[in-house]
Amino acid sequence: MAKILIIAEQFKGQLRASAGELMAAAQQIGGDVDGAVFGPGAADAAGQLAGYGLGKVLAVDCGCEYSGDGFAAAVSDAVSAGGYEFVILMQTSFGRDLGARLAARLDAGWINDVIALEGSGSDVVASKPLYAGKVISKLKFNGSGLKVLSLRPRNFEAVQASGASAAVEQLGSGMQCKARCTTLEAKEAGFIDLKDADIIVSGGRGIGGAEGYEAIRNFANEIGAAMGASRAIVDAGWIDHSYQVGQTGKVVNPQLYIAAGISGAIQHLAGMQTSKVIVAINNNESAPIFKVADYGIVGDLFEVLPELGRQIKAARQ
Ligand SMILES: Cc1cc2nc3c(=O)[nH]c(=O)nc-3n(C[C@H](O)[C@H](O)[C@H](O)COP(=O)(O)OP(=O)(O)OC[C@H]3O[C@@H](n4cnc5c(N)ncnc54)[C@H](O)[C@@H]3O)c2cc1C
């Protein structure tokens, strides 16, 4: 039986829902599963992670919100001491950095950006998109050493916590972190992270200028959506890069993606085309975005979004 360590993420003591996706991948591989969670709030989040029926949970709090070298050293020690065969993280900024460091430190195989797993144990086969999603590659680990996997968010059906309990081990005091991230703050009140969002509304160059993003913001607030952007408006300085969806931005997979004033360039599609339902609003009926859209609205986004907001609000009442 494989020994598996899942590394979950938390923010201010609240476990991220992606813990259920990590657990789903661990169950597919099969084996004894332990968990780890890092940063201030780790103790609270560890209690929530324990509810997934794990053997034990490591709560690592050294006072840093993030430390690449410190966290990687802590996981490396835990992996060596615990004899784990698999470590599973999310393909987020956190998981990308930590996964790479861990694989390098422990001379492990690392398959990143995994969207599906087939088979089980050491023979598990991981699927990973390449060339902006045009090709799906299938990868297998070689040998019997440590294997690190990072999962593209929202591609594994999250397992629900069962309410079971597990022993929580507190670690982190006295850890020597060379580089420390000391504060993490949400950008604005009510901010919904793109990678956690069920609904995303993104704006493109069709908004006409920085002030045009207010139409996206108002609509997003009205329906409770996260906000995204095409690279064109990020490059123009109309919105921060952290909102960018696409090949060189964030890869998202919400239940509903609404693209307003976005043409549908291949690099944008690479970040959102696996969304469950895609709605495109564009005043050019020939815009390529309509080829991937489940629903297309030909019209001016400044007229369509407020009306759509009113209709959604009315339908929800
Ligand atoms: C290496 C590389 C990486 C890239 N990475 C990314 C990436 O990660 N993400 C990304 O998005 N792009 C990326 N790009 C850029 C990409 O190629 C496109 O240039 C970009 O996506 C275009 O953004 P856009 O759709 O907002 O703008 P445009 O292509 O200019 O489209 C604007 C659209 O708005 C419509 N419109 C105009 N006014 C209105 C209105 N009032 N109402 C409704 N519709 C209106 C127009 O008909 C048009 O279809 C990358 C490019 C390269 C070369």
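Structure data summary
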{"quantity": "Cα gyration tensor shape of region 194-316, rounded if a/c is under 1.5, else prolate or oblate by comparing a/b with b/c", "calculated": "rounded"}
{"quantity": "Shape of region 66-150, Cα gyration tensor, a/c cut at 1.5", "calculated": "oblate"}
{"quantity": "Förster radius 30 Å - calculated FRET efficiency between SER122 and SER93, Cβ distance, rounded to 0.05", "calculated": "0.55"}
{"quantity": "Cleavage-rule hits, GluC sites (Glu not before Pro), region 100-201, DSSP coil, Cβ neighbours within 10 Å at most 14", "calculated": "GLU157, GLU185, GLU188"}
{"quantity": "Rounded to 5, the percent of DSSP beta bridges in the chain classed as antiparallel", "calculated": "20"}
{"quantity": "Dipole magnitude of region 190-317, debye to nearest 20 (Cβ charges: Lys/Arg +1, Asp/Glu -1, about Cα centre)", "calculated": "260"}
{"quantity": "Neighbourhood net charge (13 Å Cβ-Cβ; Lys/Arg +1, Asp/Glu -1) for VAL37", "calculated": "-3"}
{"quantity": "Overall Cα dimensions of the chain, principal axis frame, Å, largest first", "calculated": "60, 39, 38"}
{"quantity": "Cα centre as origin, Lys/Arg/Asp/Glu Cβ charges: the chain dipole, Debye", "calculated": "500"}
{"quantity": "Set of lysines near LYS250 by C-alpha distance (under 23 Å), chain-local residues within fewer than 8 positions excluded", "calculated": "LYS12, LYS128, LYS134, LYS138, LYS187, LYS195, LYS276, LYS291"}
{"quantity": "Percent RCO, i.e. relative contact order, over the chain, from Cα pairs under 8 Å lying at least 6 residues apart", "calculated": "15"}
{"quantity": "Helix-derived mean residue ellipticity, 222 nm - over the chain, DSSP H n ≥ 4, -39500 (n - 2.57), to 500", "calculated": "-8500 deg cm²/dmol"}
{"quantity": "Nearby lysines by direct alpha-carbon distance to LYS56 (threshold 17 angstrom, same-chain neighbours under 8 apart not counted)", "calculated": "LYS3"}
{"quantity": "Efficiency of FRET from Cβ geometry, ALA17 and GLU307, R₀ 30 Å, rounded to 0.05", "calculated": "0.45"}
{"quantity": "Qualifying chymotrypsin sites (Phe, Trp or Tyr not before Pro) for region 166-234 [loop in DSSP, other Cβ within 10 Å: at most 15]", "calculated": "PHE191"}
{"quantity": "At most 13 other Cβ within 10 Å, DSSP loop - trypsin sites (Lys or Arg not before Pro), region 67-145", "calculated": "LYS134"}
{"quantity": "Inter-probe distance in nm under a simple model that places probes 7 Å from Cα toward Cβ, at ALA104 and GLN267", "calculated": "2.6"}
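Readers should treat all values here as calculations from the given coordinates under stated rules, not as data from a laboratory. The structure displayed is predicted, hence computed values, not measured ones. Here Cβ is always computed from backbone atoms with ideal geometry, including for glycine, and neighbour counts include all displayed protein chains.
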